[in-house]
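Below is one structure; the comments refer to it alone.
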Amino acid sequence: MTGAAQAAAAQAADDRGARRRARRSRRYRWDVRYSPYAFIAPFFLFFAAFGLFPLLYTGWASLHRVELSAPGDMQWAGLHNYVRLLDDDLFWNALRNTFTLGVLSTVPQLLMALGLAHLLHQRMRGASFFRVALLTPYATSVAAASLVFVLLFGRDYGMINWVLGAAGIAPVDWQSGTWSSQLAVSSIVIWRWTGYNALIYLAAMQAIPKDLYESAALDGASPWRQFRHVTVPSLRPTLLFTVVVSTIGATQLFGEPLLFGGAAGQKGGAAHQFQTLGLYLYEQGWFNFHLGRASAVAWAMFLILLVIAGIAALVGRRLRADR
């Protein structure tokens with residue numbers, strides 16, 4: 001092979017190597033640029049299919065008259081379903097019950113969670129065991145927990161009435177009364193979620209710098225004053241988070257009152273005394289067959305949650321400004 005031929009062959013090999021390197025470099029750039037989108041694409045696909053599409057379709061259905069017996073037969077109704085809600089006493093009753101149950105379950109729950117977290121934050125034996133034990137109610141299914149509480153609050157043979165009878169107090173028909181039934185339902189929510197929130201508070205407490213406690217101790221602050229003036233102010237963002245999440249959960253309360261009510265659980269009792277917005281939606285759509293009206297209830301709940309989120313954003317901004 002002559003020198004010219006060898007040079008041409010070498011040049012061709014160099015060209016092929018350069019093209020391979022160029023292709024590899026291009027594939028690398030594409031990989032760096034587009035791989036993150038490929039990794040997160042499944043989330044957006046599932047969110048679009050099971051989150052965004054049902055939300056938009058429910059909003060569209062809320063503007064129509066549509067029955068469960070003929071879901072494909074949709075007649076345009078405009079805002080009729082929403083106007084009907086404003087004139088429906090049962091809707092306002094469900095909204096009032098949702099608010100009452102939210103207060104009765106959220107306030108004691110978060111106060112107890114804060115106290116438990118403060119106790120677990122101290123040095124104590126078996127702290128890991130108690131932390132795991134706090135999560136046990138959260139890991140229990142809502143069906144199992146509700147059925148147990150139905151037995152506890154039974155009118156004739158419930159343990160709660162047995163204790164009241166031992167104390168000389170007349171038995172209470174927990175499912176029939178307004179306040180008694182709401183207290184019973186709230187106790188289920190409190191039992192299930194107190195430990196979960198306590199662990200959130202505990203994690204936030206462990207992130208507080210120990211220097212703050214040492215400075216407060218040097219200034220003569222008692223443990224109670226340290227808790228009030230160091231722990232609680234440092235937990236304000238976490239407190240806001242748990243309040244918002246608990247309020248959203250209370251707005252969507254469904255399983256506990258449904259199972260507590262028994263056969264007529266969707267009514268929230270014979271007089272609708274503990275019917276929440278979730279139960280009212282369920283009754284309208286799956287018992288009265290009014291899917292359009294149920295969709296309007298769902299969007300009303302969505303708008304309420306947007307208002308809650310807006311208030312939380314304003315409060316969070318105020319807290320950040322005060323720091």
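Take each peptide in 85-93, 230-238, 124-132, count the other Cβ atoms within 10 Å of every residue, and average; sorted highest first, the result is 230-238, 85-93, 124-132.
Projecting the Cα positions of H290, G310, A250 onto the charge dipole of the chain (unit charges on Cβ atoms of Lys, Arg, Asp and Glu, taken about the Cα centre) puts G310 furthest along the positive direction.
From the P(r) of region 44-83, could you give the percentage of C-alpha pairs in the tail past 16 Å? Walk me through the intermediate numbers first.
Details: 341 of 780 pairs.
Result for the distance tail: 44 percent.
Can you give the charge dipole size of region 37-115 about its Cα centre, rounded to the nearest 20 debye, using +1 on the beta carbon of Lys and Arg and -1 on the beta carbon of Asp and Glu? Don't skip to the end; give the middle numbers.
Working: 3 positive and 5 negative charges, 41 e Å.
Charge dipole of region 37-115: 200 debye, to the nearest 20.
Leaving ligands and nucleic acids out of the surface, order S146, S69, S187 by accessible area at 1.4 Å, largest first. Intermediate results must be reported in sequence, preceding the final value.
Working: S146 0, S69 100, S187 30 Å².
Final ranking, largest accessible area leading: S69, S187, S146.
For region 184-226, carbon and sulfur atoms together expose 61% of the accessible surface, with a 1.4 angstrom probe and every protein chain in place.
Projecting label points 7 angstrom from Cα along Cα→Cβ for E214 and F241 puts them 2.6 nm apart.
Accessible surface ranking for L259, L218, L279, 1.4 angstrom probe, highest first: L218, L259, L279. With 10 Å bins beginning at zero, the pair-distance distribution over Cα atoms of region 256-323 amounts to 21, 32, 23, 15, 8, 0 %.
Maximal additional length on extending the W30-W224 stretch stands at 64.0 nm, based on 0.36 nm per residue less the C-alpha distance. Basic side chains Lys and Arg get +1 at the Cβ, acidic Asp and Glu get -1 at the Cβ, and with that the dipole of the chain about its Cα centre reaches some 1840 debye. In the chain, helices alone account for a calculated mean residue ellipticity at 222 nm of -24000 deg cm²/dmol, with every DSSP H run of four or more residues adding -39,500 (n - 2.57).
From the square roots a ≥ b ≥ c of the eigenvalues of the alpha-carbon gyration tensor of region 149-303, which class results: rounded (a/c under 1.5), prolate (a/b over b/c), or oblate? Working shown, then result.
Values: a/c = 3.96, a/b = 1.60, b/c = 2.47.
Here region 149-303 falls in the oblate category.
Got the relative contact order for the chain handy, in percent, Cα pairs under 8 Å and 6 or more residues apart?
Numbers: 331 pairs, mean separation 82.6, N = 323.
That works out to 26 percent.
Can you list, largest first and rounded to whole Å, the semi-axes you get for region 165-247 by taking the square root of 5 times each eigenvalue of its Cα gyration tensor?
Details: eigenvalues 289, 61, 19 Å².
They are 38, 18, 10 Å, listed largest first.
Here the chain is treated as a Stokes sphere of Kirkwood radius computed over C-alpha pairs; at 4 °C and 1.567 mPa s its diffusion coefficient rounds to 53 µm²/s. Taking label points 7 Å from Cα along the Cα-to-Cβ direction, A133 and A203 give a separation of 2.2 nm.
Using the Cα gyration tensor of region 37-196, with a ≥ b ≥ c the square roots of its eigenvalues, what is the shape: rounded (a/c below 1.5), prolate (a/b larger than b/c) or oblate (neither)? Oblate, since a/c reaches 1.5 and b/c is not below a/b. Distance between the pseudo-spin-label points of T178 and M74 (7 Å out from Cα toward the beta carbon): 3.8 nm.
Could you state the accessible area per residue of the chain in Å², with a 1.4 Å probe and every protein chain left in place?
Numbers: 19830 Å² over 323 residues.
For the chain, the per-residue accessible area is 61 Å².
So what's Rg/Rh here for region 225-290, counting alpha carbon atoms and using the Kirkwood radius for Rh?
Details: Rg = 18.0 Å, Rh = 14.0 Å.
Ratio of gyration radius to Kirkwood radius: 1.29.
The values are calculated or read from the model by the stated rules, or taken from the named source; none is laboratory data. All values reported here derive from a predicted model rather than from experimental measurement. With ideal geometry, Cβ positions are generated from the backbone for all residues, glycine too; neighbour counts draw on all protein chains shown. Note: areas computed on protein heavy atoms with side chains; ligands, DNA, RNA excluded. Shrake-Rupley method; radii C 1.70, N 1.55, O 1.52, S 1.80 Å.
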